[in-house]
Amino acid sequence: MAPSVFGLLFVAALVLPLLGSAAALLARRAGWGNALSQYLFMLSGVLGLAALAGYFTALHAASSVVLLSSPVLAFSVTPLSAFFLLIVYLGTFITSLYALGYLPLYADAYSVPLTNAVSGVFLFALAAVLLSTTVFTFLLSWELMSLSAYFLVIADRSPESLSAGFLYLVMTHIGFACLSAGFLLLSGGHAFISFDGVREVARQLNPAALAAAFALLFIGFGSKAGLVPLHQWLPYAHPQAPSHSSALLSGTMLKVALYGFLLALTLFPGIPASWAFTVAAVGLISAFFGALSAAVEHDAKRLLAWSSVENMGLIFSGVGIALVLHGLSMPLSGALAAAFALFVAFHVLNHFAFKTGLFLATGAMVAKTHTRDLDLYGGLAGKWPAFSGVFLVLVIAAAALPPSGTFFGEWLYLQSLAAALRFSSPLLVASAAAALGLAALVGGLALFAFVKFFSAAFLGRARSEHAEAAEPMPVLLLVPPLLCAAFSVLLGLFGLPVLSAATAGFGSLVPVTTVVPGASMSAWFVFALLAFASAFAFIAYRVFARNRTVRRTETWDCGTPLTPRMEYTATGFSAPMRFFFRGLVMAQKEILAEAVVPGNPWIANRRIEWSIASVWEAWLYRRIARGIVSVAAFVKRLQNGVIQLYLLFVLLALIIVVLVAL
Amino acid sequence: MTILALILLSILSGVLPFFARRFETVTALALLGSSGVAALSAVVGMPALLGASALSGGGLWYVDPFGGLLVLLIGFMQWTATMASVPYLGEEVRKGITSLARTKRYFALLALFVLSMLVTVVSNNLGFMWVALEATTLTTTLLVAFYDRKGSVEAAWKYLILCSTGISLGLIGLLMTYYAASSVMAGGATLDWTTLAASAHAFPASIMRIAFAFILIGFGTKAGLVPMHAWLPDAHSSAPSPVSGLLSGVLLNAALFAVLRYKALADLSAGGSGWTNGLLLGFGVLTVAVPAAFIIFQADYKRLLAYSSVEHMGLITFSTGLGVAGPLIAVIHIIGHALTKSMLFIGAGNILHRYESTKFANVGAVMRVLPYTGAFFLAGILLLLAAPLSPLFVSEYFIVSAAVATHPLYTLIILFALSVIFAGFLHLFAPLLFTAPSRGAEALAEKTGERWNISHTAMLLHIVLLLAFGAFLLTGAAYPLLEHVAASIT
Amino acid sequence: MTPTVLSASLLGAMLVASLLMESRMRLTSLVTLFRVQSAFLGFYALLLAYAEGAIHLAVIALLILALKAFVIPEFLLRVARASGASERLEAYVRPTTLSFAGLLVVGLAFAATNLLLPDGHYFAAAVSLSLVMLGFLLLVSRKDMFGQGIGFLGMENGIFIFGLALTGGMPLLVELSALFDLLILFILVAALVRRAQHEHSSVGTDLLRTLTD
């Protein structure tokens, strides 16, 4: 098919979300307004996927498709952006399908037409960021994306949402300021320059300017991607948005931030090792912190947000390590760099698959039980058998267990890191060992977190009224997570081979050619092994459990009746982690006792209040805020209402300027 | 000829309301006069904006593209301000805060104020420009002291004394310019800018520098540059809201216009603009940074909008000092800020009337209680904070582009201050729009709901113009026209 | 007496009047000294008009005499008495300190004139700058609205000297409009003073300190 047809499809996919917004506003009194908008969004996703299919096959994914080229705005499809567009359009389709059934449930909490209108702008902006080829267009789309995400976060206008939205928008705006400064520093004063032009200009800059630009761009994109220490907005903002938007925020917007960072990397004439080490280190620390926080979190959606921090950290560490290895000239380093680049691409797809699915599924869970607290769930597997099966597959993917794609990706990561231990430079070996240890710890904590998640929610018995009275799960809310789970398994089966053959798009940074031997295992082998093991276990169970008698009786309870509330809760499960990492977790526990009979301290109503403070908030954010506030308080004293002082300021200014004039 | 007609019409539209006896007639006459002034401003401003500079009235008036732009802005904004004044004053007369006699005086003062701004911008004679600028202070003092509230006299006194002192310092600058001119011009010096500009290269540079110093401080007081800005929050928050919109949106720009006229002369005399640019950059950065401290903990929303005006004047001043690319940025920012700020003040007026308080603590849930005003206000705040499609996004982008490599420290300070201001705005306005107020929430329940009146039409006009201009800036066609305007500033 | 000696004496007299104004703590004496200063200004303008044969300067001189020496001071005193304002004025420091400050300011002004305007008309420029600075000193040292108003008018006198001496005055129409502006300004000052007296029963600026932050 001619390239112009693809161009048309891409443009249609780009513009359809805006039509959906308009439809949402115009049809706001009609009952079918929501459905119309969602269908338009889904159509946009389908058209985008069709266009991408054509792009990857017919055009061999190596050329650019120019969509618009005016003096000010310019959009085109490049190989790097096509990969991320895949995620955007898949996400659009799945979350809009979900929103068909989800938004009507929350018609009194959100203004559904306005939320859909803002979602349309958000979807448009997501694609526009990826398609931008000039600095101005990129920054314009980026700010549009951030701003529309803000309105999605504050959709229910509750005080928590407003304060979460505030933190998010302030931090994203600071990030935007850093991005503008960074890109424009590289642009050399040309306002409407394209990224190709920036590459030319950047060659002439001195190292200090390049370093400053890199730092600014890393801070800007890192804060949007949720890297520590600029991640604090993420666990507050993502849970507050409607679930289909949370899925987009975690599954797609963070990836767009990664895309921006990769694009920025291509602008520099060369990446010194120190920069690459910084990126890798920050990535690993974020991953660790995210996994640890997920392990001790008991709010379902916040746990998923922390997991996003962890996964983005892993991805960025992959980018950093790939860059380090790419700059070396040792044997095998080229192939290892390629392996890490492959990991980055693969994990982006994997994380998108399971995180979107988990957010959608959790959203359905929250909608039907009316609480987000894991401690109050329990026994949901009995109420929703099919749903818990889907959830189990998603949790397996999140915890990086076979046969999901995440497992193969992390296996690639760890094996390549282990291969790096054979290098001759002691510095490299030490860093590789440290990274390996940290990555393994991260994997362990993530596994812990998700085991806790699944078991607290689905296993055992219902621990509260919320879980007791859980309403049945409608099919429309079940299908999108099912699609994500299936995608995750498919990635496990087919992902690596497909990617390693075809990721020419990542090639501008690191050519992806071969994979280090031993760094991947055959997915079919694992799959067959698992199938065999489960078949064996099932047959063994049927054969040996046939004649067992089951005795039902009362459990010994020391005289106090046992309730399901006494089961192991998510909070209890994570107690060892809180204890072990208590310096970092900063848990505060307060036991309040109120005597039932005055004068008798032994019989009391006890209540425990515990919370986890954020170590970053206490040491970094509060300090900066206090600094700004004290400077502001000092400056404010100058406006004390005394007109004579104001006149003296005029005189002072006059004297200074006249002295300068002499 | 047309300019003379414009002046006469301004005076007429101020005098007409005195002949009416009922409120409706007064406002209708005021609107009629104001529409006429707007139309004539378009006739004067458009040709100058699109075509060449025009010297007329026997050398008395000189309208170049930049002056034409300001004439257009003044004409449009006084029209929407008069539109917004009608329901605003109507509400006050209804509640007994104002009387009919005071309303007539209001419109008369407003017309005189507009007249003095127009004369400042079209006058070729620097002396008349000075007189007109002083006249803007005088005509607005009584508007600042319009209410019998607690701080009115204080605000008016500070406004009068500080601005007049500043303008007197400007007079010293004017006299020094005249002195420098008379020392080299053979046939005696004139006060005509066009004649002065023709021979400015021969003026002694040392005297012109000192003259410019006095002008910058003097007229800069009127333009709200830090540290001479202290009168601004008091005056702009005490005045009636439509007038505050005009003060913030146009008057500050008119004062800066006067400074730029003298800058041109000083640059010609010095043979380059490096020295004046340095001064403007320095004052610009200071004027952007200081309001940040006041915005983050502001308790009064009108005062907050006034501090925001100071900050944006700082950005405009900074951009005029940026050398070749500077004036273009300044033009975009002037248009964007003027239209946005006056719209926000009109909205603030509506909010004030419903909640009867200017404090954030007493105001909340505006989106629910005043749906139309709330929507416009939200859009205005977003446009002011340089959201995409706002002209301010483009101008702030250009500022960073032009300054990040040449003045990194200044750019860093400006970006930091802008982030702090952004946080302050969001922190204060999000609860105002979305959450119920901490005091008086119950009393509000029965006052919910709003009917569309002419102030909403005014705000709608502003938004349409802003979005159209923002979209226009995204095409390539905008820039040649804006370059044409910017070229006349230097 | 030659014109130069006469003009120097008039300038000197204006300077002395300004200096004395700094330490006057009674409204009537302050206004009287202002009247004296403005009268000398008018005579100075007349002298210049005669020396240069410029009619427009004579017109301006007469207007200055009429407005600043008669109309404005009379009206100010009348407003003060009618509104019941106190005769006693207040300042931030003692009158003697104010006098010393005035002398210091004059010295600084004379020194600065050397730097700013190295050529020609030294004495007139120095006196004008001193008057401006002395007026400014009144503005910042006085704690009441009258003192500030008179201080501002004194500043304007200084600027007029500058204009008259160095540039032979601006075109007539411009000077007329400037004087008209001044008149309006003074009317506004009077109106605000009357309102302040009515609201707070005092014209002290201490009560005008409520708008902070």
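The values are calculated or read from the model by the stated rules, or taken from the named source; none is laboratory data. Everything numeric here is computed off the predicted structure, so don't read it as measured data. Note that we place each Cβ from the backbone using ideal geometry, even for glycine, and neighbour counts take in every protein chain shown. Surface areas here come from the heavy atoms of the whole protein model, side chains and all, with no ligands, DNA or RNA. Shrake-Rupley method; radii C 1.70, N 1.55, O 1.52, S 1.80 Å.
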Original post:
In degrees, nearest 10, range 0 to 90: what is the angle between the Cα axis of helix C:172-200 and the longest Cα principal axis of chain C?
Top reply: 20 degrees
Subject >> C/B buried area, accessible surface, summed, 1.4 Å probe, Å² >> reply: 3800 Å²
Original post:
Tell me, what % of the accessible area of chain B is carbon and sulfur with a 1.4 angstrom probe?
Top reply: 70 percent
**OP:** Return the value, in Å² to the nearest 100, of accessible area buried between chains C and A (probe 1.4 Å, both sides summed).
**Re:** 1100 Å²
Subject >> DSSP H segments from chain A that extend 30 Å or more along their own axis, Cα-based, with Kyte-Doolittle mean of -1.0 or above >> reply: A:3-26, A:33-57, A:79-102, A:159-187, A:273-296, A:300-327, A:333-369, A:426-458, A:523-544
**OP:** Starting from the amide H of C:D144, placed 1.01 Å from N in the peptide plane, find each other amide H under 5 Å away whose residue is 5 or more places distant or on another chain.
**Re:** C:E90, C:T205
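Any idea what % of Cα-Cα pairs in the protein assembly as shown are farther than 49 Å?
Tail of P(r) above 49 Å: 41 percent of Cα pairs.
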Subject >> Selection from C:M145, C:L104, C:V79, by position along the positive dipole direction of the stretch C:78-163 (Cβ) >> reply: C:V79
Original post:
With each label point set 7 Å from Cα along the Cα-Cβ vector, what nm distance links C:R94 and A:R622?
Top reply: 5.3 nm
Subject >> Computed label-point distance, nm, for sites B:L412 and C:A8 using a 7 Å Cα→Cβ extension >> reply: 5.7 nm
Original post:
Looking at chain A from every direction and averaging, what is the projected area of its Cα convex hull in nm²?
Top reply: 40.9 nm²
**OP:** Please work out the Kirkwood hydrodynamic radius for the stretch A:199-257, using every pair of different C-alpha atoms, and report it in angstroms with one decimal place.
**Re:** 13.2 Å
Subject >> Amide hydrogen neighbours beyond the local backbone of B:D192, cut-off 5 Å, H modeled >> reply: B:L126
Original post:
Once Rh is set to the Kirkwood radius over Cα pairs, what Stokes-Einstein translational diffusion coefficient, in µm²/s, holds for the stretch C:121-213 at a temperature of 20 °C and a viscosity of 1.002 mPa s?
Top reply: 145 µm²/s
Original post:
How many Å² of accessible area per residue for the stretch B:256-372, probe 1.4 Å?
Top reply: 20 Å²
Subject >> Convex hull of Cα atoms in the stretch C:3-207, direction-averaged projection (nm²) >> reply: 10.7 nm²
**OP:** With a 1.4 Å probe and every protein chain kept in, tell me what percent of the accessible surface of the stretch C:3-207 is carbon plus sulfur.
**Re:** 71 percent
**OP:** Taking just the C-alpha trace of the stretch A:271-542, give me its Rg and Dmax in Å.
**Re:** 19.7, 63
Original post:
Taking N as the number of residues in the stretch A:269-314, what is its alpha-carbon radius of gyration divided by 2.2 N^0.38 Å?
Top reply: 1.41
Original post:
Tell me, which residues of the stretch A:174-213 get at least 50 Å² less accessible area when the other protein chains come in, versus the chain alone (1.4 Å probe)?
Top reply: A:L184
Original post:
the stretch B:456-479: which residues show an accessible-area loss of 10 Å² or more, assembly versus chain alone, 1.4 Å probe?
Top reply: B:L474, B:G476, B:Y479
Original post:
Rounded to the nearest whole Å², what accessible area per residue is found for chain A with the 1.4 Å probe?
Top reply: 40 Å²
**OP:** Return the carbon/sulfur percentage of the accessible area of the stretch A:271-542, one whole number, probe 1.4 Å, all protein chains in place.
**Re:** 74 percent
Subject >> Residues in the stretch B:196-236 that, when all protein chains are in place, have 20 Å² or more less accessible area than the chain alone would give (probe 1.4 Å) >> reply: B:I207, B:R209, B:I210, B:A213, B:F214, B:I217, B:P227, B:M228, B:A230, B:D234
Original post:
For chain A, which longest stretch is free of loop sites, where a loop site is one of the chymotrypsin sites (Phe, Trp or Tyr not before Pro) that DSSP puts outside H, G, I, E and B and that has at most 12 other Cβ atoms within 10 Å?
Top reply: A:33-555
Subject >> DSSP loop GluC sites (Glu not before Pro) with at most 16 other Cβ within 10 Å: longest gap in chain B >> reply: B:1-355
Subject >> For the stretch A:617-661, alpha-carbon Rg over 2.2 N^0.38 Å >> reply: 1.76
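Excluding ligands, DNA and RNA, what is the solvent-accessible area per residue of the stretch C:3-207 at a probe of 1.4 Å, expressed in Å²?
With the other protein chains kept in place, the stretch C:3-207 gives 39 Å² per residue.
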Subject >> Folded to 0 to 90 degrees: helix C:145-167 orientation relative to chain C principal axis, Cα >> reply: 10 degrees
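Using only protein heavy atoms and a 1.4 Å probe, how much accessible area in total is buried between B and A, to the nearest 100 Å²? Don't skip to the end; give the middle numbers.
Values: alone 17850 and 29570 Å², together 42730 Å².
Interface between B and A: roughly 4700 Å².
Can you give the direction-averaged projected area of the convex hull of the alpha-carbon atoms in chain B, in nm²?
21.0 nm²
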